Amino acid sequence: MTSIGIILGSTRPGRNGKAVADWAFEHASTRSDAQFELVDLADYPLPHLDEPSPASFQQYQGEHTKRWSEKIASFDGYVIVTPEYNHGPSGVLKNAIDYLYNEWNNKAVGFVSYGGVGGARAVEHLRLVAGELQLADVRQQVALSLVTEFENFTTFKPGNYQLEALTTLLDQVVAWSTALAPLRQPATI
């Protein structure tokens, strides 16, 4: 069965992302077309990129990198929950992405974002990064405004209309992850 990791891209104390990721995971878990797992970057503490070789070589030295690699490699696709900090994704998320290369290749990714303008600028940045990593980013995005989807900017209360957007995003990530599966198989001669 297709396996999708929902990556919580913030480790900030008091982060809004935890409620957003829990909401996405709760909704995804009701589906029968894929298995979903919530991956919290707080559970994978990675220092600023400290591997001596480029990620594409997969010659990892750090146990933290090996653990992260194993987790990310176990999925067929991803939903990344990202905040928007200073018109971009969080530093911890970008750092976690940069640790790896091959583990991301030929998989699908969708974005659930939150921020002043729904996190749209963070996602635009991440779409460029996804292209370099050979990740197929799906069109649908869930953009959650701190003004309309959070009470007092902290208590997550999404409108019901957001569930339709999330469902479409999950449909696309599962479909693309499944379609890309042959590209992830070892070549046979």
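Brief remarks on what is shown
- Options Leu126, Leu93, Leu144, Leu100; residue that is on the phi < 0 side of the Ramachandran plot and out of contact with any Leu (no Cβ under 9 Å at 6 or more places or on another chain): Leu144
- Check on Ile80, touching a helix residue (DSSP H, G or I) at 6+ places or on another chain (Cβ under 7 Å) and assigned to a helix (DSSP H, G or I): no
- Scope the stretch 83-99; condition in a helix (DSSP H, G or I), touching a residue at least 40 places away in the same chain (Cβ under 8 Å) and out of contact with any strand residue (DSSP E or B) (no Cβ under 7 Å at 6 or more places or on another chain); matching residues: Val92, Asn95, Ala96, Asp98
- Qualifying residue in the stretch 150-164 (condition: surrounded by 15 or more Cβ atoms within 10 Å (Cβ to Cβ), in contact with a helix residue (DSSP H, G or I) (Cβ under 7 Å, 6 or more places away or on another chain) and outside any helix (DSSP H, G or I)): yes
- Residues that are touching a residue at least 24 places away in the same chain (Cβ under 8 Å) and under 21 Å from Thr82 (Cα atoms), drawn from the stretch 17-34: Gly17, Ala19, Val20, Ala21, Trp23, Ala24, His27, Ala28
- Scanning the stretch 138-149 for residues that are part of a strand (DSSP E or B) and in contact with a strand residue (DSSP E or B) (Cβ under 7 Å, 6 or more places away or on another chain) gives Val138, Gln140, Gln141, Val142, Ala143, Leu144.
- Any hit, the stretch 106-115, residues being among the hydrophobic types (A, V, I, L, M, F, W, C), under 26 Å from Glu164 (Cα atoms), more than 11 Å from the chain's Cα centre (by Cα) and buried (at least 16 other Cβ atoms within 10 Å of the Cβ): no
- All told, Asp98 falls short of being buried (at least 18 other Cβ atoms within 10 Å of the Cβ) and charged (D, E, K, R).
- Number of positions in the stretch 1-25 that are more than 15 Å from Thr154 (Cα to Cα), in a loop (DSSP other than H, G, I, E, B) and not hydrophobic (A, V, I, L, M, F, W, C): 3
- Test: residue in the stretch 49-65 that is hydroxyl-bearing (Ser, Thr, Tyr), touching a residue at least 24 places away in the same chain (Cβ under 8 Å) and surrounded by fewer than 20 Cβ atoms within 10 Å (Cβ to Cβ): yes
- Annotation note: of Tyr85, Tyr78, the sole residue that is within 23 Å of Arg121 (Cβ to Cβ), crowded, with 21+ Cβ neighbours inside 10 Å and aromatic (Phe, Trp, Tyr) is Tyr78.
Coordinate-derived values only; no laboratory data. Since this is a predicted model, take the numbers as computed values, not measurements. Cβ atoms come from the backbone with ideal geometry, glycine included; neighbour counts cover every protein chain shown.
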